[in-house]
Amino acid sequence: MPYVSADDGVGLYYEEAGRGMPILFVHEFLGEYRSWEAQMRYFSRRYRCIAYNARGYPPSDVPSRLEDYGFDRQRDGLRAVLDQLEIDAAHVVGLSMGAFAAFYFGMTWPARALSLTLAGIGSGSMPEGRAKFQQDSEAYADSLLSEGWEKYAEVRGLDPTRVQLQNKNPRAHAELVAWLKGHSSQGSALTLRGYQARRPQLQDYKEAMARCTVPTLIICGDEDEPCLDASIMLKRNMPSAGLAFLPQTGHTCNLEEPELFNLLCEKFFHQVESGQYRMRDPRAIPTGVL
């Protein structure tokens, strides 16, 4: 099985397909490398596609210490994958937890990102909901450790931002729940406590956002309530960012609407690669009501 080694020695399992310019896919909390299969199959016709499992997600290693799950460890995992696969820079595509990691990566090593696609980003980042998000993450971790994914997967698979997937594609939803039952309860609980509950707020990076020149595409489902305001905040503060909302779509936008998601990414990649993706024109920033 193919692994790369993170800076602290944790093994990260990955799969790749195709040849060409590289795309690195970074999964969400309830996801894994298989969550990107619709994107891997589509883009591997013309790109070198890599998807990996974060620490705590078998077959990647599951460290036992809380400090091994900090946001910096998650961010550095992206760099470790690129370094050991000898990739100078890649299009980086992340969903939710993976979008946060992609964002931190892009703010830290912008030269390593050809572009950033940040999908479903923002849960627990806006000030008005941050304290509750942190409390819920701790409680969520307790439930996982006491009950395990085998019992908890069905419940989490029907969160308010995930029922859309069940309604649109029951087969894909059942597959997601089946994957969840194979996840490590310990790895997921430590991810909740070490990364989800303690990661920096997006707003902490406003100065870096304003300076960022990495082409960025923000994608959000219009029924993904925890991410709506954060997506707009990012758009307003990142001159390099475009924003797309997908109608009647929840959190798992790449699974709910794979064709539309792939089309948006593909057009974005082509703009970047042709040198036609531009920073926001300062004249487009309103100075009054009219």
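Points worth noting:
- Yes/no for residue 93 being of a type in the set (A, V, I, L, M), assigned to a strand (DSSP E or B) and either surrounded by 18 or more Cβ atoms within 10 Å (Cβ to Cβ) or touching a helix residue (DSSP H, G or I) at 6+ places or on another chain (Cβ under 7 Å) (or both): yes
- Residue count, the range 249-281 (criterion: free of Cβ contacts under 8 Å to residues at least 60 places away in the same chain, of a type in the set (A, V, I, L, M, F, W, C) and more than 29 Å from residue 211 (Cβ to Cβ)): 2
- Residue match in the range 225-241 (condition: farther than 21 Å from residue 42 by Cβ, in contact with a Ser or Thr (Cβ under 8 Å, 6 or more places away or on another chain), of a type in the set (S, T, N, Q) and at pLDDT 95 or above): yes
- Selected residue (criterion: nearest to residue 119 (Cα to Cα)) from residues of the range 32-69 that are assigned to a loop (DSSP other than H, G, I, E, B) and among the acidic types (Asp, Glu): 32
- Filtering the range 85-135 to residues that are over 12 Å from residue 218 (Cβ atoms), touching a Leu at 6+ places or on another chain (Cβ under 7 Å) and among the aromatic types (Phe, Trp, Tyr) leaves only 105.
- Among the candidates 232, 218, residue that is closer than 18 Å to residue 125 by Cβ, surrounded by 21 or more Cβ atoms within 10 Å (Cβ to Cβ) and not basic (Lys, Arg): 218
- Residue satisfying all of: in the range 124-183; basic (Lys, Arg) and surrounded by 12 or more Cβ atoms within 10 Å (Cβ to Cβ); nearest to residue 233 (Cα to Cα) among these: 130
- Condition check for residue 120 on (1) surrounded by fewer than 21 Cβ atoms within 10 Å (Cβ to Cβ); (2) closer than 30 Å to residue 215 by Cβ; (3) touching a residue at least 60 places away in the same chain (Cβ under 8 Å): one failure, at (1).
- Within the range 141-248, helices (runs of 4 or more DSSP H) holding 3 or more residues that are under 19 Å from residue 103 (Cβ atoms): 206-211, 225-237
- Top-ranked residue of the range 1-31 - restricted to ones that are in a loop (DSSP other than H, G, I, E, B) and aliphatic (A, V, I, L, M), ranked as farthest from residue 86 (Cα to Cα): 30
The values are calculated or read from the model by the stated rules, or taken from the named source; none is laboratory data. For clarity, every value in this text was computed on a predicted model and none was experimentally measured. With ideal geometry, Cβ positions are generated from the backbone for all residues, glycine too; neighbour counts draw on all protein chains shown.
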